[in-house]
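*Asks:* One structure coming up, written as structure tokens, with questions to follow.
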Amino acid sequence: MKVATQNQSIRESSACQRLLNIYLVGLSAFFRKLRYDLVKELTVALCSLCILAVVFYIFNDFVNIEVASMSRGLQRFLGSGVTWFILVGSALIGGRVLHREFSGARTYVNMMSYMGESPEVKRVFFVLRCITMILVVHGAAWAISLLAFVDWSFLRIALIESGLLGVSFVVYKLSCVSLSGTEGETECAQEKFREVGETEASPGTMHSPLSTMIVWRLRQMFFRNRLSQLAMIMTALIIALFTVITIRGEPFFIALLTALLAGVVLSSVLALQVQEDLKSAWAERTLGVSHELFLETYVRIGWILGGALFGLILLIQILVWAVKGVPLAGTDLLFLFSDYLKAGAVAALPPYLMHLFFFQIDARKPMLQIIMVFVAGLFLATAIYASWLSLLLVLILKYYTLEAEKGRFYRA
């Protein structure tokens with residue numbers, strides 16, 4: 001009996017030692033990667049700081065003037081809104097980080113399975129890695145929020161963090177369910193071939209390769225891709241916030257920024273779909289789909305999503321104006337409806353602009369496209385806020401970006 005107990009304690013200590021070694025190997029690999037990619041990481045950090053500095057320099061005076069004209073309550077409301085945006089963003093990023101960490105073929109959990117580790121050891125390792133990743137991602141978001149925007153109590157922070165943890169794990173589960181890996185690639189490819197086969201088998205229909213690709217992708221976005229569905233739900237929540245802001249009669253630039261945020265979140269649907277498309281892009285390349293046809297598909301989808309968002313934003317503003325019964329006497333209707341159209345245009349821009357950034361850096365990383373669309377949309381929204389002539393900047397941006405990414409669909 002004594003020998004059995006000693007053997008069990010030895011096995012447990014050995015398992016703990018192996019667990020600790022694998023955990024330290026993971027941390028060591030992360031820091032070693034930073035060390036050998038230091039030049040690239042510093043370049044990315046420096047470029048990001050330069051972009052943020054330019055944005056801060058350009059918008060600093062404008063924001064200070066607008067914020068100074070607000071009441072204290074509205075300033076707190078705006079600070080809380082920015083904080084919630086940062087925290088929810090960190091929860092979504094945390095879920096994606098967990099998915100990348102545990103759902104790929106080359107992960108530490110799979111390595112432990114190949115080594116014959118017990119399920120208990122793998123479970124403890126999973127918990128330790130989750131805690132590490134969540135601490136890094138959520139901790140950074142809380143540090144920014146508490147230092148710059150809000151001063152919440154510890155109890156409130158604990159309650160909100162529990163909700164954010166739930167969101168991160170929901171996103172992790174949804175990411176695992178969405179199309180990914182070899183099975184997802186095969187399924188996507190088979191479905192693409194089937195769609196084209198049905199189109200060619202029915203010559204009497206009005207279907208074309210372009211319409212087939214558009215319908216197939218819309219079906220994926222609305223009914224298959226879980227992250228796209230989550231982004232659409234977030235867009236609906238932001239539109240509800242826009243409605244509240246419009247009803248309360250808050251300053252127009254807040255409504256404009258909210259409309260821009262709705263457009264950016266909705267445009268992320270396109271970036272997520274392109275990431276899935278490129279996993280089975282060989283199927284469309286085999287069928288002779290050109291770079292121009294691939295981009296035109298997303299131009300049309302951008303028009304559809306952007307047009308729907310433009311109409312919804314415009315309809316909300318008109319309905320609020322009609323329900324509140326704003327008197328016509330003394331109201332400049334042309335100026336009023338010009339503002340309404342500006343809010344709709346700012347919301348519709350990001351879904352349309354998204355195709356311009358797919359192949360600028362890496363089409364397989366949707367976060368890069370979302371950041372670029374947000375920066376471009378922020379500049380264009382500020383310009384449109386000043387004058388409608390600023391829409392000409394979209395044509396200039398389109399010309400140069402399309403020239404830069406010409407033919408990259410076959411090299412992605």
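*Asks:* So, residue 318, is that one of a type in the set (Val, Ile, Thr), over 25 Å from residue 175 (Cα atoms), touching a Phe, Trp or Tyr at 6+ places or on another chain (Cβ under 8 Å) and at pLDDT 90 or above or not?
*Replies:* Here the answer is no, as residue 318 does not meet what is asked.
*Asks:* While we're looking at this one, here's another question. How many of the residues in the stretch 392-412 are assigned to a helix (DSSP H, G or I), under 18 Å from residue 369 (Cβ atoms) and among the hydrophobic types (A, V, I, L, M, F, W, C)?
*Replies:* 5
*Asks:* Assess whether residue 380 counts as being outside the structural domain of residue 93 (by TED's automatic domain parsing) and more than 25 Å from residue 97 (Cα to Cα).
*Replies:* Here the answer is yes, as residue 380 does meet what is asked.
*Asks:* Return the pair list, or none, for Cβ contacts closer than 8 Å from residues in the stretch 276-298 that are not assigned by TED's automatic domain parsing to the domain that holds residue 366 to residues that are modelled with pLDDT of 85 or more and surrounded by 19 or more Cβ atoms within 10 Å (Cβ to Cβ), at least 6 apart or on different chains.
*Replies:* none
*Asks:* Being farther than 20 Å from residue 254 by Cβ and surrounded by 15 or more Cβ atoms within 10 Å (Cβ to Cβ) is the filter; apply it to the stretch 369-389 and report the residue that is nearest to the chain's Cα centre (by Cα).
*Replies:* 370
*Asks:* Can you find, within the stretch 309-321, the residue that is farthest from residue 271 (Cα to Cα) among those that are surrounded by 14 or more Cβ atoms within 10 Å (Cβ to Cβ) and among the hydrophobic types (A, V, I, L, M, F, W, C)?
*Replies:* Filtering first and then ranking leaves 321.
*Asks:* Just to be sure before I move on: is residue 338 at pLDDT 90 or above and of a type in the set (Ser, Thr, Tyr) in the structure I sent?
*Replies:* no
*Asks:* For the stretch 103-111, indicate whether the set of residues that are assigned to a helix (DSSP H, G or I) and charged (D, E, K, R) is non-empty.
*Replies:* no
*Asks:* Could you grab the pairs with beta carbons closer than 7 Å, sequence gap of 6+ or different chains, first residue in the stretch 150-166 and over 16 Å from residue 136 (Cα atoms), second one aliphatic (A, V, I, L, M)?
*Replies:* As it stands, the answer is 160/87, since those pairs meet every condition given.
*Asks:* When residue 352 is evaluated against the numbered criteria (1) of a type in the set (Phe, Trp, Tyr); (2) modelled with pLDDT under 90; (3) within 20 Å of residue 266 (Cα to Cα), which criterion, by number, is the only one it fails?
*Replies:* Here residue 352 meets the rest and fails (2).
The values are calculated or read from the model by the stated rules, or taken from the named source; none is laboratory data. Small disclaimer: the values here were computed from a predicted structure and weren't measured. Reconstructed Cβ throughout: ideal geometry from the backbone, glycine too, with neighbour counts over all protein chains shown.
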